[in-house]
Each structure stands twice: as C-alpha cells, then as structure tokens.
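> The structure is given below, and queries will be raised subsequently.
The values are calculated or read from the model by the stated rules, or taken from the named source; none is laboratory data. Just so we're clear, the structure is a prediction, and the values are computed from it rather than from any experiment. Cβ: placed from backbone, ideal geometry, glycine included. Neighbour counts: every protein chain shown. The accessibility values were calculated without ligands, DNA or RNA, using every heavy atom of the protein model including side chains. Shrake-Rupley method; radii C 1.70, N 1.55, O 1.52, S 1.80 Å.
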Amino acid sequence: MTPPDREHHRQSAWAIRFDWGLPGSVAIAQGAAAVVVVDVLSFTTTLSVAVDEGVEVFPFRFRDASAAAFAATRGAVLAIGRKEAGTSGVSLSPLSVQDAARTGALAVSRKLVLPSPNGSTISRALAESGSVVVGACLRNAKAVASWITAGAVRGPVAVVAAGERWPGDLLRPAVEDL
C-alpha cells in the first residue's frame, strides 16, 4: 500500500477541512482563509466569555516565566491555574474571567494572557504563522458559523478540534471538541 502524500493530509482540495491538535492544525491551515479552533471545556469557552466582557485575549502556549513577561509587556493579567487562583484569581475558568472582568483585575486592565497547552497553543501558533484564527465553543458556535457563511471568509475553512494531552504529551482526542 502506498502512503498518502502530504497534499492528502493537508486536505487542500477541500473547502472544509478537519483535523486534531497542533500537528493537524499545521497540516490543514496552509491555504485556509480561516481556522476555527475548538477547545470547549477550557480555552475557547473562556475566550468567548472574555470577549463578551470586552476583554482582549492573548493566547499563550504555557504558563511560565515567558508568559509572565509577555503579560507584563502588554499590561495584561496572566491567567493562573484554577487551584492557584482559588475563588478570586483569574484562571481558565469562564466564571473567574467573568467575575474579574466585572469587579476584579480585568475590570481595569481589560487585557488577558490566557495560556493553555491545547486550544491556546494551537491558536497562538496559527496566528504567528499568519492564519486568521477564530475560537469556537458551544456558546458561540452559531455566531462563528454565521460569520463564516455570511461571507466574512472567502476560501477554505479549517476546523481544528484541540483535544487534550495524555502523559508524555501525546494527543488525546476529546469528544467535546469534536
């Protein structure tokens, strides 16, 4: 059996493309007019809440010293781990972002660095490569679809289910992202 060529993996012949995780996103983004990233249980749902609250979001790969420096240069709040954030900090929790936007740290800054190893990492990598990236979740699925079908996007659309990570940094497909 002959292995499929790279064009097959890129799905370049198709107007709508689909794949999983960062490697899949890189494969299908080339030539796409827009890439829709879906990471329902954390990143894209929190992103949609932040945008609804008027907060500018900067996706970032990991929450480390480089994320803190990145946030500082932009005058942004850095989201921290849920346990670390407790009931008053800003994390990947949609509720923490909503509360902070209304009465907490985001009420002043209106800028948020939102690191995550899945959807945020994919979004940042694609944006850095020049792709138009849209975060989709259950809260904004209809709006994203309307934006695409109303003609805002002219050309192929790539959809990436972020998935989760297994130990060893292997992709674990997540049904909620599908």
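> Within the stretch 4-20, is there a residue that is in contact with a Lys or Arg (Cβ under 7 Å, 6 or more places away or on another chain) and modelled with pLDDT of 95 or more? Before you say what the answer is, go through the steps one by one.
Taking the stretch 4-20 and keeping what is in contact with a Lys or Arg (Cβ under 7 Å, 6 or more places away or on another chain), we get 11.
If we keep only those that are modelled with pLDDT of 95 or more as well, we get none.
Looking through the stretch 4-20, none of the residues is in contact with a Lys or Arg (Cβ under 7 Å, 6 or more places away or on another chain) and modelled with pLDDT of 95 or more.
> Answer with yes or no whether Val175 is free of Cβ contacts under 8 Å to residues at least 24 places away in the same chain, part of a loop (DSSP other than H, G, I, E, B), under 18 Å from the mean Cα position of the chain (by Cα) and over 30 Å from Gly31 (Cβ atoms).
No, not satisfied.
> Scan the stretch 89-137 residue by residue and report those that are hydroxyl-bearing (Ser, Thr, Tyr) and in contact with an Asp or Glu (Cβ under 8 Å, 6 or more places away or on another chain).
If the condition is that a residue be hydroxyl-bearing (Ser, Thr, Tyr) and in contact with an Asp or Glu (Cβ under 8 Å, 6 or more places away or on another chain), then Ser91, Ser116, Ser120 are the ones that fit.
> Yes or no: Gly119 free of Cβ contacts under 8 Å to residues at least 12 places away in the same chain and of a type outside the set (S, T, N, Q)?
For Gly119, the condition - free of Cβ contacts under 8 Å to residues at least 12 places away in the same chain and of a type outside the set (S, T, N, Q) - is not met.
> Turning to a different aspect of this structure: Scan the stretch 128-173 for residues that are of a type in the set (A, V, I, L, M), closer than 14 Å to Ala32 by Cβ and open to solvent by 30 Å² or more (accessible area, probe 1.4 Å) and jot them down.
Result: Val132, Val133, Ile148, Ala152, Val159.
> For the stretch 110-124, indicate whether the set of residues that are in a helix (DSSP H, G or I), surrounded by fewer than 23 Cβ atoms within 10 Å (Cβ to Cβ) and modelled with pLDDT of 95 or more is non-empty.
Step one: list which residues in the stretch 110-124 are in a helix (DSSP H, G or I), which gives 119-124.
With surrounded by fewer than 23 Cβ atoms within 10 Å (Cβ to Cβ) added as a condition, the list becomes 124.
Of the ones still in play, those that are also modelled with pLDDT of 95 or more are 124.
Yes - at least one qualifying residue is present in the stretch 110-124.
> With the condition kept exactly as written, say whether any residue in the stretch 133-156 is hydroxyl-bearing (Ser, Thr, Tyr), at pLDDT below 95 and in a loop (DSSP other than H, G, I, E, B).
no
> Do you know which residues across the stretch 43-64 are among the small types (Gly, Ala, Ser) and without any contact (Cβ under 8 Å) to a residue 60 or more places away in the chain?
Of everything in the stretch 43-64, just one residue is among the small types (Gly, Ala, Ser) and without any contact (Cβ under 8 Å) to a residue 60 or more places away in the chain, namely Gly54.
> Sticking with this structure for a sec: Just for helices (runs of 4 or more DSSP H) wholly inside the stretch 36-108: which have at least 2 residues that are open to solvent by less than 20 Å² (accessible area, probe 1.4 Å), of a type in the set (Val, Ile, Thr) and closer than 22 Å to Arg165 by Cβ?
43-52
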